[in-house]
Amino acid sequence: MEMGIKDRVALVAASSRGLGLAIARGLAREGVNLALCARTAAALQAAAEQIRSESGVKVLARPVDVAIQDEVRQFVA
């Protein structure tokens, strides 16, 4: 489905597995560049590599605990 969002950037939290990863992969299929975060660095990096290889979009991946406001602020900045 063409959503008209190609070349935009989306921030996806909890993106190392499950629903967050599915959302990130769907956005990548639409050509959206991604900023991904999750608490577990190894799983997050694996997800980022998978998305890069599948879609060719730009992917920034950083471990972030969204329960800690300062970590979220730094990631968004």
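Only the coordinates and a few stated rules stand behind these numbers; no lab work does. The model shown is predicted, which means the values in this text are computed figures rather than measured ones. Don't worry about glycine lacking a Cβ; one is built from the backbone with ideal geometry, like all the others, and counts go over all protein chains shown.
Rounded to the nearest 10 degrees, the angle from helix 18-29 to the longest Cα principal axis of the chain is 40 degrees.
Contact order for segment 9-76, expressed relative to its length and based on alpha carbon pairs under 8 Å spaced 6+ residues apart, stands at 30 percent. If eta is 0.890 mPa s and T is 25 °C, what Stokes-Einstein diffusion coefficient results for segment 9-76, Kirkwood Rh from Cα pairs, in µm²/s? Using the Kirkwood radius from Cα pairs, D works out to 214 µm²/s.
With a cut-off of 20 Å, note down the residues of segment 1-27 whose backbone N falls inside the zone around a label point 7 Å from the Cα of Gln50 toward its beta carbon. Counting backbone N atoms under 20 Å from the label point, the list is 10-27.
In degrees between 0 and 90, to the nearest 10, how far off the longest principal axis of the chain does helix 41-55 point, with axes built from Cα atoms? So the inclination is approximately 10 degrees. Given the Cα-Cα distance of Ala42 and Ile68 and 0.36 nm per residue of separation, how much length would full extension add, in nm? Once the chain is fully extended between Ala42 and Ile68, it gains 7.4 nm. Stretching the chain fully between Arg8 and Arg29 yields a gain of 6.3 nm (0.36 nm per residue, less the alpha carbon separation).
Using a Gaussian network model of the chain whose springs link C-alpha atoms within less than 10 Å, name the residue from Ala67, Ala13, Ala46 with the highest mean-square fluctuation. Among Ala67, Ala13, Ala46, the largest mean-square fluctuation in the Gaussian network model of the chain belongs to Ala67.
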